[in-house]
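Beneath this line is the structure, given in structure tokens, with notes to follow.
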Amino acid sequence: MTKWVYSFGDGLNEGRADMRNLLGGKGANLAEMAANGLPVPPGFTITTEVCSAFYENGRKYPAELEAQVAAALQRVEQSMGLRFGDADAPLLVSVRSGARVSMPGMMDTVLNLGLNDETVEGLARSSGDARFAWDSYRRFIQMYGSVVMGVPHHHFEDVLEQFKRANRVEDDTAVTADQWRAIVVDYRHIISTHAGTEFPTSPHDQLWGAIGAVFGSWMNPRANTYRKLHEIPASWGTAVNVQSMVFGNMGNDCATGVCFTRDPSTGENIFYGEYLINAQGEDVVAGIRTPQPMACARAEAGQHPMETTLPEAYAELLRVRSVLETHYKDMQDIEFTVQRNVLYILQTRNGKRTAAAALKIAIDMAREGLITQEEAIQRVPAASLDQLLHPTLDPKAERVQLTRGLPASPGAAAGAVVFTAEECEARAAKGEDVILVRIETSPEDVHGMHAARGVLTTRGGMTSHAAVVARGMGRVCVAGAGSIHVDYAAGTMTVGSHTVAQGEWITLDGGTGAVYLGRVPTIEPTLSDDFNTLMGWADAVRRLGVRVNAETPDDARTARRFGAEGIGLARTEHMFFGPDRIGFVRQMIIADDESVRQKAIAALLPFQRDDFASLFRIMAGLPVTVRLLDPPLHEFLPHAEAEMAEVAQALGKSVDDVRTRCAALAETNPMLGHRGCRLGLTSPEIYAMQVRALIQAAVMVEKELGKPIRPEIMIPLVATQAELATTRRAAEDEIARVLKEEGTNLNYDIGTMIELPRAALQADKIAEYADFFSFGTNDLTQTTFGLSRDDAGSFLPYYVDHGLLPRDPFVSIDRDGVGALVRLGVERGRQTCPDLKLGICGEHGGDPDSIAFFDEVGLDYVSCSPFRVPVARLAAAQAALATRQKAGQAA
């Protein structure tokens, strides 16, 4: 018989931390903590396999599940000395989801399950507090009605807010037992009205309804959105955790909170968190009340830190902090409840953190001896390093501060104010920078938060939904800016006498919590010593080299600062668009007279030579791979009347003549047309000029610097051996002429891009004429799939959403198709030339998953955009370590 249910707590712990695929992260950690003697309320976990079976069998449960749940529930009753559904000593439980990876705020939770009109009276008697019992009951109805029965949450909130206004009550804790009793009646009426059925009074029915809701929520829109953003397969499913309730809302010797063993924003080794007296767990993350700090050191005037308010529970929490971090060897995110001064741990998990915090925690733990340097390298998600490269506010810039909240997620962002996730997404899709302003965020806002530059909330703390999700996404967030009044209907936010309307700009400083009017200038970040330490450790273990795609001096300098080991792609066509040279390019293309055409080409040569010389100087002896002109000529042609008139005047032609010539150069499918080496073969004078400029620049800079310069000439869009052989001979002839004129020698390489399927298939023959291959995976993806990257946005998202493709193949390489061609190109190229240098210069060169593949197939280097160079360095090290681990396991 399949085991579907695993118990934990009170000496019976059937799970372990390494069973997270079966029990989910929460269930596995609850069992592990209980086994280690930590104060965990007993309960049981329904496995992720039940979730899979639930969806595979038309939302029906396995036959043995009900009996296994009943047996596990009976064990909890015995542990607690309470009975589920008993009117005198009722056992209440929570029902929570728990996927194998943390999905904060994505899934639905129900607390206080088991209450009805009889058991609430029993709870009042056993606790001696009727107000607490009826408060717990109304919370249960509200959660159950929303999560299980689908009644919109705001209906309940509206009733409560109207009641509090009518009775001039500000805080929930001031509502009396009789008042909560009346609100319970109203809440049940809301359910019967909006759900079309009565609130269930049977605890058994409540339990199975909640279990079904958790499984159902695995496929709800906000869970799907989160999984898509974080590439979590839907097939993993979620577990369900049923746990005996402990109460943080029984009085002033009770509390609930969330804490981190280290600061999740900075990584400092300081106990960090928030709690609320006389509250339940959802109150902290919902941001309904602004929580208090844990430690005196973090408290400001007027605040009440847990260290002084509940000193015994705080001291126990410090002990738990040490035990958990030592056991898990990572920063922990802990949920806890204090009931009558007794601490209970409800959850621990590896805490979400900013990239800066991940970096510091990894370095510090390695230095503390908790983990090794290799583990530290693997602890920092390579893609998250992008967050370290975000701009910050220019300290010299003038600014007008509107208000201040909590610095919930670092960085600086400016944008137009919007008040709904939908508006945020719509404006961002048009290319606008936007700031999402909400009273508080909920999981329904995730898609808007992802589209926004930053998030501003008026409620909530550092562990609120807004803070946790924004940090995970790398978005700037200022939370709990309580002086702001948001009027959704009017589309305004007001602080004192100052009102900001939708569409007006504000700037957020996620490092200080400040909110400024208008757009404040930013500056580039400076990299910390910890960053340099981690990069040094990564460089010591990685095999792959890391170059940059750059053709401007600014990009090249930025890349060198980030540790690039050369230029893997300098796109010469980008150099042609400068205002001082585009006119000559157009004359070169349109001129009928060969002498005029040659004059235009000659005028371009010094520009190209200077461009190349700048790159050689910055790279100072590192390899510089220059791709000869690639796009079709029509891309450079004039389109506006004024531009056509300018070219016509320079050539002594009429505007009609220019227009006719431009029309003649148009192509039906230019991506597969007269471009790349095809252009170099039919107009060899263009490539000759570029090669001459490149070699002249290399010779000049080599003399200047007194060190060897390493130019690499890359010929694009080769499909046949003959194309490369002919183009190479022409280039070598031009190089020989230049070197003879200069009276010197120069080491250089000539290679090609492998960006067409035929080139990969013919790599053994093409390699006879190549010193190197560079896989152009952007075009290789386009030509392998037969789709245009520019047009794929209309259907690729549909493909990914519906499982037709696992991910966007332009973001992460398609291993089965495009990757197979890369692998084939590597194998066949090295059959001909074992020492053939191999690289990749598509956008995939900065994607960690793709880098792991390139390491696996044996490329020598990757090349990516400047700001992704640190990402690639770390990802290459992680790939090398993963390869070592596989080899060790195989041995």
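The values are calculated or read from the model by the stated rules, or taken from the named source; none is laboratory data. All of these numbers come straight from a predicted model, not from anything done at the bench. Because the Cβ atoms are built from the backbone with ideal geometry, glycine has one as well, and the counts that use them run over all protein chains shown.
Set side by side, the residues Gly583, Gly578, Gly563 differ, and just one is out of contact with any strand residue (DSSP E or B) (no Cβ under 6 Å at 6 or more places or on another chain) and not in a loop (DSSP other than H, G, I, E, B), which is Gly583. Is it the case that some residue within region 462-480 is at pLDDT 90 or above, in a loop (DSSP other than H, G, I, E, B) and under 30 Å from Pro293 (Cα atoms)? No; the residues of region 462-480 include none that is at pLDDT 90 or above, in a loop (DSSP other than H, G, I, E, B) and under 30 Å from Pro293 (Cα atoms). Answer yes or no: is there a residue in region 5-14 that is assigned by TED's automatic domain parsing to the domain that holds Ser94, aromatic (Phe, Trp, Tyr) and either closer than 21 Å to Gly237 by Cα or free of Cβ contacts under 8 Å to residues at least 24 places away in the same chain (or both). No, because not a single residue in region 5-14 is assigned by TED's automatic domain parsing to the domain that holds Ser94, aromatic (Phe, Trp, Tyr) and either closer than 21 Å to Gly237 by Cα or free of Cβ contacts under 8 Å to residues at least 24 places away in the same chain (or both). In region 380-428, the qualifying residues are those that are modelled with pLDDT of 90 or more and within 23 Å of Glu843 (Cβ to Cβ), and the one that is surrounded by the fewest Cβ atoms within 10 Å (Cβ to Cβ) is Pro381.
Scanning region 618-646 for residues that are touching a helix residue (DSSP H, G or I) at 6+ places or on another chain (Cβ under 6 Å), at pLDDT 95 or above and either on the phi > 0 side of the Ramachandran plot or part of a loop (DSSP other than H, G, I, E, B) (or both) turns up just one, Leu628.
Condition check for Ile190 on (1) in contact with a His (Cβ under 6 Å, 6 or more places away or on another chain); (2) not in a helix (DSSP H, G or I): one failure, at (2). Among residues that are surrounded by fewer than 17 Cβ atoms within 10 Å (Cβ to Cβ) and either outside the structural domain of Val585 (by TED's automatic domain parsing) or modelled with pLDDT of 95 or more (or both), Lys707 is not included. Quick one: is Phe612 in contact (Cβ under 8 Å) with a residue 40 or more places away in the chain, assigned to a loop (DSSP other than H, G, I, E, B) and aromatic (Phe, Trp, Tyr)? Criteria not met by Phe612. Contact map, region 680-698: first residue among the basic types (Lys, Arg), second residue part of a helix (DSSP H, G or I), Cβ cut-off under 6 Å, separation 6 or more or different chains; pairs are Arg692/Glu734; Arg692/Val738. Report the residue count in region 41-61 for those that are over 32 Å from the mean Cα position of the chain (by Cα), buried (at least 16 other Cβ atoms within 10 Å of the Cβ) and closer than 18 Å to Thr2 by Cα. Residues that pass the stated criteria total 2. Screening the candidates Gly281, Gly273 for the property of being under 30 Å from Leu65 (Cβ atoms) and buried (at least 19 other Cβ atoms within 10 Å of the Cβ) yields one hit, Gly281. Residue by residue through region 427-454, note down the ones that are in contact (Cβ under 8 Å) with a residue 24 or more places away in the chain and part of a strand (DSSP E or B). Scanning region 427-454 gives Ile435, Val437, Arg438, Gly454.
Of the residues making up region 834-846, just one is free of Cβ contacts under 8 Å to residues at least 60 places away in the same chain and crowded, with 24+ Cβ neighbours inside 10 Å, namely Gly846.
One residue stands out in region 347-368 among those that are polar (S, T, N, Q) and part of a strand (DSSP E or B): the one that is farthest from Ala875 (Cα to Cα), namely Gln347. Looking at the structure I just gave you, is Gly251 in contact (Cβ under 8 Å) with a residue 24 or more places away in the chain, surrounded by fewer than 20 Cβ atoms within 10 Å (Cβ to Cβ) and within 28 Å of Val175 (Cα to Cα)? Yes, satisfied.
Going by the conditions given, is Ala413 within 25 Å of Thr499 (Cα to Cα), of a type outside the set (Asp, Glu) and either assigned by TED's automatic domain parsing to the domain that holds Glu300 or in contact with a Gly (Cβ under 6 Å, 6 or more places away or on another chain) (or both)? Yes. Under the condition of being touching a Ser or Thr at 6+ places or on another chain (Cβ under 8 Å) and acidic (Asp, Glu), which residue from region 282-334 is farthest from Leu111 (Cα to Cα)? Applying the filter and picking the extreme gives Glu325. Among the residues making up region 521-545, those that are at pLDDT below 95 and in a loop (DSSP other than H, G, I, E, B) are Pro521, Glu524, Pro525, Thr526, Leu527, Ser528. In region 190-215, the residues that are over 25 Å from Tyr55 (Cα atoms) reach residues that are among the aromatic types (Phe, Trp, Tyr) and in a helix (DSSP H, G or I) with C-beta atoms within less than 7 angstrom, at least six apart or across chains, in these pairs: Ile190/Phe156.
Can you find even one residue in region 336-346 that is surrounded by 14 or more Cβ atoms within 10 Å (Cβ to Cβ), outside the structural domain of Ser136 (by TED's automatic domain parsing) and part of a loop (DSSP other than H, G, I, E, B)? Scanning region 336-346 turns up no residue that is surrounded by 14 or more Cβ atoms within 10 Å (Cβ to Cβ), outside the structural domain of Ser136 (by TED's automatic domain parsing) and part of a loop (DSSP other than H, G, I, E, B). Kindly establish whether Phe584 is in contact (Cβ under 8 Å) with a residue 40 or more places away in the chain, of a type in the set (Phe, Trp, Tyr) and within 22 Å of Gln696 (Cα to Cα). Considered against the rule, which asks whether it is in contact (Cβ under 8 Å) with a residue 40 or more places away in the chain, of a type in the set (Phe, Trp, Tyr) and within 22 Å of Gln696 (Cα to Cα), Phe584 comes out as no. No other residue among Asp364, Asp433 is at pLDDT 90 or above, touching a Lys or Arg at 6+ places or on another chain (Cβ under 6 Å) and of a type outside the set (Gly, Ala, Ser) apart from Asp433.
Residues in region 855-868 that are closer than 26 Å to Leu821 by Cβ, outside any strand (DSSP E or B) and at pLDDT below 95: Ser865, Arg868. With the structure loaded, tell me whether Ile371 is in contact with a helix residue (DSSP H, G or I) (Cβ under 7 Å, 6 or more places away or on another chain), outside any strand (DSSP E or B) and closer than 24 Å to Gln387 by Cα or whether it fails that test. For Ile371, the condition - in contact with a helix residue (DSSP H, G or I) (Cβ under 7 Å, 6 or more places away or on another chain), outside any strand (DSSP E or B) and closer than 24 Å to Gln387 by Cα - is met. For beta carbons closer than 6 Å, sequence separation of 6+ or different chains, a first residue in region 136-156 that is part of a helix (DSSP H, G or I) and a second that is of a type in the set (Asp, Glu), the qualifying pairs are Val147/Asp108. Note on region 41-98: residues that are in contact (Cβ under 8 Å) with a residue 24 or more places away in the chain, assigned to a strand (DSSP E or B) and not hydrophobic (A, V, I, L, M, F, W, C) total 7. Exactly one residue out of Asp808, Asp801, Asp749 is surrounded by fewer than 17 Cβ atoms within 10 Å (Cβ to Cβ) and modelled with pLDDT of 95 or more, and it is Asp749.
Considering only residues that are basic (Lys, Arg) and over 16 Å from Ala71 (Cβ atoms), which ones fall in region 1-40? Don't jump to the end; show me each part of the working.
To start, the set of residues in region 1-40 that are basic (Lys, Arg) comprises 3, 16, 20, 26.
Passing the criteria: Arg16, Arg20, Lys26.
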